[in-house]
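Asks: Quick one: the structure is below, and I'll ask about it shortly.
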Amino acid sequence: MADAVDEVLAQWKRERPDVDVWPMGVVGRITRLSLILDKELKDFFAGHDLERWEFDVLATLRRSGPPYELTAGALNKAAMVTSGAITNRIDRLTARGLVERVRDDADRRSVRVRLTDRGWTLIEELVPLHVANEARILRALSGQERDDLAGALRDLLESLGDTSLE
């Protein structure tokens, strides 16, 4: 079975047989998959009255462990956005009652962002549903294919310097 990228590769092979366009097959598929995944996840989160970025911030705080709080800087690194964008996100989540800003006990000049009870309850309910949705998205792959794909993507990310959230 052929996909849309196969069609593009065939066109290039016909038009420029002198150029080995194999990288377009990989990058093109990753790019197309990224767009499809973004839409799938956007639709899923919209069904739960959330934006994807809202889930990301709540999930980052939840997986940090008790007391489910981080500095804005740590959230910024995890989200890979500008400091202005993370401030805006925190403001919006605070307005929704999902997070709160608290003074750092160790450094009173520093502010930490903490899940509220409402935010904790929401992320607790949503994580299993999110995982089930991702499993649905990946259902076409066997267990071995999923492991192989995860390994190949990890290798690619590491080669491009994406090795840590820190």
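Asks: Computing the accessible area with a 1.4 Å probe over protein heavy atoms, can you report the carbon and sulfur percentage for the stretch 49-165?
Replies: 52
Asks: Excluding E51 itself, what net charge comes from residues whose Cβ is under 15 Å from its Cβ, given Lys and Arg +1 and Asp and Glu -1?
Replies: For residues surrounding E51, the net value is -1.
Asks: Highest GNM mean-square fluctuation, the chain, Cα pairs closer than 10 Å: which of R92, R103, R114?
Replies: R103
Asks: With just the Cα atoms defining each centre, how far is the stretch 11-44 from the stretch 108-152? Give it in Å.
Replies: Here the answer is 25 Å between Cα centres.
Asks: Considering the options V102, S64, A85, tell which one lies farthest towards the positive end of the dipole of the stretch 49-165, charges being +1 on Lys and Arg and -1 on Asp and Glu at the Cβ, about the Cα centre.
Replies: Checking the options against the dipole of the stretch 49-165, the answer is V102.
Asks: Kindly state, to the nearest 0.05, the FRET efficiency for Q144 paired with T31, given R0 = 22 Å and r defined as their beta-carbon distance.
Replies: It comes out at approximately 0.35.
Asks: Could I ask something else about it? Pulled fully out, how much extra length does the chain show between A59 and T94, if you take 0.36 nm times their separation in residues and subtract their Cα-Cα distance?
Replies: Result for the pair: 11.1 nm of gain on full extension.
Asks: Something else now. Once phi is turned into θ = phi - 60°, what whole-Hz ³J(HN,Hα) does the Karplus curve with 6.51, -1.76 and 1.60 give for every residue of the stretch 29-36, x standing for Gly and Pro?
Replies: 5, 5, 5, 5, 5, 4, 5, 5
Asks: Still on this model: Express the relative contact order of the stretch 1-113 as a whole percentage, based on alpha carbon pairs under 8 Å and six or more residues apart in sequence.
Replies: Once divided by the residue count of the stretch 1-113, the mean separation gives 15 percent.
Asks: Reachable aspartates and glutamates from K39, Cα under 14 Å, same-chain residues fewer than 8 places away excluded?
Replies: E51, E134
Asks: Once you put a point 7 Å from the Cα of S164 and another 7 Å from the Cα of A85, both along the Cβ direction, what distance in nm separates them?
Replies: About 2.3 nm separates the two model spin labels.
Asks: How much net charge surrounds R103 when only other residues with a Cβ under 9 Å from its Cβ are counted (Lys, Arg +1; Asp, Glu -1)?
Replies: Once positives and negatives cancel, what remains is +1.
Asks: List the pair-distance distribution P(r) of the stretch 49-165, using every Cα-Cα distance, as the percent of pairs falling in each 5 Å bin from 0 up to the bin containing the longest distance, rounded to whole percents.
Replies: Bin by bin from 0 Å, the calculated values are 2, 10, 17, 18, 17, 15, 10, 7, 2, 1, 0.
Asks: Let me ask something else. Starting from the Cα of R109, step 7 Å along the direction of its Cβ; do the same at D155; then give the gap between the two resulting points in nm.
Replies: Each label point lies 7 Å from its Cα, and together they span 4.7 nm.
Asks: Grab the other residues whose beta carbon is less than 12 angstrom from that of R146, score K and R as +1, D and E as -1, and report the net.
Replies: Result for the local shell: -3.
The values are calculated or read from the model by the stated rules, or taken from the named source; none is laboratory data. Bear in mind the structure is a predicted one, so any value in this text is a computation, not a measurement. So basically every Cβ, Gly included, is an ideal-geometry build from the backbone, and we count neighbours across all protein chains shown. Just the protein is used for accessible areas: all its heavy atoms, side chains included, with ligands, DNA and RNA removed. Shrake-Rupley method; radii C 1.70, N 1.55, O 1.52, S 1.80 Å.
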